[in-house]
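All remarks here apply to the structure that follows.
The values are calculated or read from the model by the stated rules, or taken from the named source; none is laboratory data. Since we're looking at a predicted model, the values are computed, not measured. Cβ sites come from the backbone with ideal geometry, for glycine too, and all protein chains shown count toward neighbours.
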Amino acid sequence: MSAAAVVRGLSVRLGGSEVLHGIDLAIEQGAVTALLGPNGAGKSTLVRALAGLHAPSAGGIELLGRPLGGYGRRERARLVALLEQESRSELPLTVREAAALGRTPHHDRFAAPGTGHEAAVEAALARAGAAELADRPLDELSGGQRQRAHLARALAQQPRLLLLDEPTNHLDVAAQLATLRLARELAAEGVAVVAALHDLTLAAAQADAVAVLDRGRLVASGAPAEVLVPAVIDPVWGVRATVLAHPSTGRPIIAYEAAGTEESS
């Protein structure tokens with residue numbers, strides 16, 4: 001398996017403060033990588049840096065063997081799609097129109113979009129579970145429905161690297177599982193998927209690799225069973241963790257207690 005993106009010594013400064021410190025991480029093609037960490041750990045900043053939205057203050061990122069900064073904006077948008085935590089649109093768009101924006105980087109600037117673009121939009125709507133919402137205005141949707149609509153836009157880009165910043169926000173349990181199953185399907189098709197998540201057990205169940213951030217630094221990365229252990233979890237999240245094995249898959253299930261809780265006798 002080859003790396004779609006390689007992060008080398010990446011530091012990022014925002015508002016005069018350094019929020020990422022010397023991150024080294026390989027994002028594998030055809031795999032789901034979960035970024036984990038408490039609030040303020042730097043997950044969203046790293047996702048946005050991978051999208052080319054935050055310039056490094058030190059180090060850098062390679063995308064498909066080339067420096068990320070060497071791609072033009074349009075070329076980068078054909079390769080990288082980002083679904084942010086709270087995607088908003090100020091335009092009065094329907095869900096289908098919003099999804100169609102994902103095809104913009106692929107359009108010939110001097111020709112009308114063809115049937116291939118229309119087919120890509122319809123396929124993206126279906127895969128995101130948003131086909132039944134296609135003709136509804138975005139501003140009439142619930143938070144979960146908007147998330148599916150913006151996921152359709154990202155899928156319509158047909159990226160090589162798909163970045164998902166808290167993609168399960170606003171979703172019920174079934175929809176969370178469906179979203180991450182879709183991430184696994186895309187990975188099986190060769191897409192590199194990076195998802196910033198809060199739920200450690202959900203990440204352990206669906207990700208091929210996990211990377212744990214704490215206060216802007218990479219604490220650990222690797223297979224979920226190797227990384228999601230009490231020696232990593234307890235100091236980063238300030239809890240006492242018990243790691244169990246799922247009875248069917250064998251993947252980690254994490255239970256928590258408040259730090260300092262004594263076992264009852």
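For the range 217-265, what are the residues that are part of a strand (DSSP E or B), surrounded by fewer than 18 Cβ atoms within 10 Å (Cβ to Cβ) and polar (S, T, N, Q)?
Once the filter is applied, which keeps residues that are part of a strand (DSSP E or B), surrounded by fewer than 18 Cβ atoms within 10 Å (Cβ to Cβ) and polar (S, T, N, Q), the range 217-265 yields only 242.
Go through the range 226-251 and give me each residue that's farther than 16 Å from residue 42 by Cα and touching a Pro at 6+ places or on another chain (Cβ under 6 Å).
Passing the criteria: 228, 241, 243.
Give the residues of the range 1-23 that are under 15 Å from residue 194 (Cβ atoms), modelled with pLDDT of 95 or more and surrounded by fewer than 20 Cβ atoms within 10 Å (Cβ to Cβ), sorted by residue number.
6
Determine which single condition residue 64 fails, assuming it passes every other condition in (1) in contact (Cβ under 8 Å) with a residue 60 or more places away in the chain; (2) closer than 23 Å to residue 180 by Cβ.
(2)
Out of curiosity, is residue 66 surrounded by fewer than 18 Cβ atoms within 10 Å (Cβ to Cβ) and of a type in the set (Lys, Arg)?
yes
Is it the case that some residue within the range 42-56 is touching a residue at least 24 places away in the same chain (Cβ under 8 Å), among the polar types (S, T, N, Q) and within 24 Å of residue 127 (Cα to Cα)?
Checked against the condition, which is being touching a residue at least 24 places away in the same chain (Cβ under 8 Å), among the polar types (S, T, N, Q) and within 24 Å of residue 127 (Cα to Cα), the range 42-56 yields no hits at all.
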